[in-house]
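Enquirer: The structure under discussion is supplied below as structure tokens; questions concerning it will follow.
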Amino acid sequence: MLLAAFAFLLAAGAVLGGAAAVAYLPGAVARRRLDRRLKDVAMAGAGGPLWDTGAETVVKSTEGGPLPAVDRFVAGTRAGSRLARLIEQSGVRTTPSSVALISIVAVAASAVVASIFVRQPYAPLVAGLAGGAAPIAWLVQRRSTRLKRFEEQFPEALDLLSRAIRAGHAFQTAMGMVADELPPPVGPEFKKTFDQQNYGLPLRDALNEMAERVGLLDVRFFVVAVLIQRETGGNLSEILDNLAHVVRERFKIRRQVRVHTAHGRFTGYVLLALPAALGVALSIISPDHMNLLFHERMGQTMLLVAIVMQTVGFFWIRQVVKIEV
């Protein structure tokens, strides 16, 4: 009897569990898929649109960081919104509070190391400032790399949009095709814009969000051209073809400029590496003379001044040979 009752309960539980799974599992899967897509279209930053319409995005959410109070405080400041925008443009999954925490740890670690190895009262201050700026510099470098990759892929996205529109697809459908076909970072950015307008945000506002999120002049041209065409009419595929041609010509000119300024950039690298290489060579040839720079107070001061001047000179040369196209 006990075995029969156990078998009956087991069979009944299996039937009820299967019925519950059939009834509730599709809804749970759909909710999870919806939550995932909402996270993809969520905006983690602030900023005015290119065409000010006063509208908000469909969904706005922020990832919880290690210091939620810092995140809430930073979100209400202009510097905090710029930091959030920098994090979003760099493509790094982090929060302003995480960056602040890493900066504080870097400041403390750099100051301690400098106080141990450099017998100068201002060395910990200089090292702390450099350590605190290192996370921001890393984010800026990641953003620059990501935006350069976006610029290289953007003409291909414009060509794909133009071909899709010429084949008879709507502009929104063409954006979905770009989101599915192209790799990051162009594909995810167009997917976010496509999902935003698909969830009910007007196309104008979705495109403005994209222009602010990416922050490139070519994207602003694209947004303005599309919005003007939707108001006044015209051949959108031809407009996109012309815009893609202009972007490619800018790339050609930019590469020519890099060729002509290669001598100046190489000079900066040589002048930056020459003192270090000369210091290593002198340490091997005459270590007694080089030890004075590391053990004497005047020598340590000279080393710090030389490092600062070399850094300033390197960035000065970079600005001289930097030509905007």
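Enquirer: Can you pull out the residues in the range 205-249 that are farther than 18 Å from Val178 by Cα and charged (D, E, K, R)?
Expert: Within the range 205-249, Asp205, Glu212, Arg230, Glu231, Arg248, Glu249 qualify.
Enquirer: A follow-up question, please. When the residues of the range 180-210 are filtered to those that are outside any helix (DSSP H, G or I) and out of contact with any Asp or Glu (no Cβ under 7 Å at 6 or more places or on another chain), which remaining residue is nearest to Arg230 (Cα to Cα)? Working first, answer last.
Expert: Going through the range 180-210, the residues outside any helix (DSSP H, G or I) turn out to be 182-185, 199-202.
If we keep only those that are out of contact with any Asp or Glu (no Cβ under 7 Å at 6 or more places or on another chain) too, we end up with 183-185, 199-202.
Values: Pro183: 27, Pro184: 27, Pro185: 26, Tyr199: 20, Gly200: 18, Leu201: 16, Pro202: 12 Å.
So the residue we want is Pro202.
Enquirer: Still on this structure: Quick check on the range 75-93. Is at least one of its residues over 17 Å from the mean Cα position of the chain (by Cα), at pLDDT below 85 and not in a helix (DSSP H, G or I)?
Expert: Looking for residues that are over 17 Å from the mean Cα position of the chain (by Cα), at pLDDT below 85 and not in a helix (DSSP H, G or I), one finds at least one in the range 75-93, hence yes.
Enquirer: For the structure I just gave you, tell me whether Ala11 is modelled with pLDDT of 70 or more, under 29 Å from Tyr199 (Cβ atoms) and either surrounded by 10 or more Cβ atoms within 10 Å (Cβ to Cβ) or not aromatic (Phe, Trp, Tyr) (or both).
Expert: no
Enquirer: If Gly168 satisfies every condition in (1) touching a Phe, Trp or Tyr at 6+ places or on another chain (Cβ under 9 Å); (2) not assigned by TED's automatic domain parsing to the domain that holds Leu83 but one, which is the exception?
Expert: In the conditions (1) touching a Phe, Trp or Tyr at 6+ places or on another chain (Cβ under 9 Å); (2) not assigned by TED's automatic domain parsing to the domain that holds Leu83, Gly168 misses (1) alone.
Enquirer: Spot the failing condition for Lys148; the list is (1) touching a helix residue (DSSP H, G or I) at 6+ places or on another chain (Cβ under 6 Å); (2) surrounded by fewer than 20 Cβ atoms within 10 Å (Cβ to Cβ), and only one is missed.
Expert: The failed condition is (1).
Listed here are the residues, each with its yes/no results for (1) in contact (Cβ under 8 Å) with a residue 24 or more places away in the chain; (2) of a type in the set (Asp, Glu); (3) assigned by TED's automatic domain parsing to the domain that holds Thr301.
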site: Thr94; (1), (2), (3): yes, no, no
site: Val99; (1), (2), (3): yes, no, no
site: Ala114; (1), (2), (3): no, no, no
site: Pro121; (1), (2), (3): no, no, no
site: Glu181; (1), (2), (3): no, yes, no
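Enquirer: Out of the range 205-236, which residues are of a type in the set (Val, Ile, Thr) and touching a residue at least 24 places away in the same chain (Cβ under 8 Å)?
Expert: The answer is Val214, Val219, Val223, Val224, Val226.
Enquirer: Which of the residues belonging to the range 136-174 are among the aromatic types (Phe, Trp, Tyr) and either at positive phi or under 25 Å from the mean Cα position of the chain (by Cα) (or both)?
Expert: Correct list: Trp138, Phe150, Phe154.
Enquirer: Ok, one more. Looking at (1) free of Cβ contacts under 8 Å to residues at least 24 places away in the same chain; (2) at negative phi, which one does Glu88 not meet, given that it meets all the others?
Expert: (1)
The values are calculated or read from the model by the stated rules, or taken from the named source; none is laboratory data. As the structure is a computational prediction, the values presented were derived from the model and not from experiment. Quick reminder, even Gly has a Cβ in these numbers, built from the backbone with ideal geometry, and neighbours come from all protein chains shown.
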